[in-house]
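Here the structure is laid out as structure tokens; the discussion comes afterwards.
Quick note: the coordinates plus some simple rules give every number you see, no bench work behind them. Computed from a prediction, not measured in an experiment: that's the story for all the values here. Here Cβ is always computed from backbone atoms with ideal geometry, including for glycine, and neighbour counts include all displayed protein chains.
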Amino acid sequence: ESLRGRLTPHRIELWHDALHLAREDTVLGVGPGRFGELSTTAAQSLVPDGKPHSAPLQMAAEQGMIGVLLLAAAFCWLLYALWRSPRPTPVVLTAGAALTVLAAIAALGNALSFTMVSVGVGLLAGLATAHPLTDEPARK
């Protein structure tokens with residue numbers, strides 16, 4: 001109810017559909033990519049994209065708690081990799097902050113639905129966790 005004034009009614013109905021589908025099969029979900037065909041709200045929209053506009057809710061509806069746990073594990077692993085990264089602290093902190101903000105946006109919107117965002121996340125995570133190239137003299 002507290003979100004009703006800040007979000008569109010359509011998005012809230014999509015979230016309700018995702019929660020309903022997640023309750024139907026809590027462990028395994030209804031199947032990858034099936035939210036669009038099983039959601040009544042998504043079917044009634046003018047431009048149906050078949051997504052609930054929330055990454056955790058989409059994972060819960062389509063892939064169940066196993067998918068949600070894997071999504072959370074991947075995010076935690078990325079934060080751990082950043083913590084152990086040999087990169088300078090400002091690089092790691094900036095990447096961690098950017099990825100955390102993107103995770104929050106993906107929880108409330110459809111940011112991960114765009115290929116360029118996913119590619120950018122992978123590139124940022126890769127650059128922030130990679131070992132830096134150094135100019136070491138060749139050993140003789």
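For the stretch 108-118, take each phi angle, set θ = phi - 60°, evaluate the Karplus expression 6.51 cos²θ - 1.76 cosθ + 1.60, and give the result in whole Hz per residue in order, putting x for glycine and proline.
10, x, 10, 4, 7, 6, 9, 4, 5, 5, 5
Return the sequence-ordered ³J(HN,Hα) values of the stretch 62-67 in whole Hz as given by the Karplus equation 6.51 cos²θ - 1.76 cosθ + 1.60 applied to θ = phi - 60°, using x for Gly and Pro.
Going residue by residue, I get 8, 10, x, 5, 4, x Hz, with x marking Gly and Pro.
FRET efficiency for Arg84 and Thr115, Cβ-Cβ distance as r, R0 = 25 Å, nearest 0.05?
0.30
Show the residues, 5+ positions off or on another chain, whose built amide H is closer than 5 Å to the amide H of Val30.
Distant-sequence amide H within range of Val30: Glu62, Gln63, Gly64.
Sorting check: for 110-122, 56-68, 11-23, which peptide has the highest mean count of neighbouring beta carbons within 10 Å, and how do the rest follow?
Listed from highest to lowest mean packing, they are 56-68, 11-23, 110-122.
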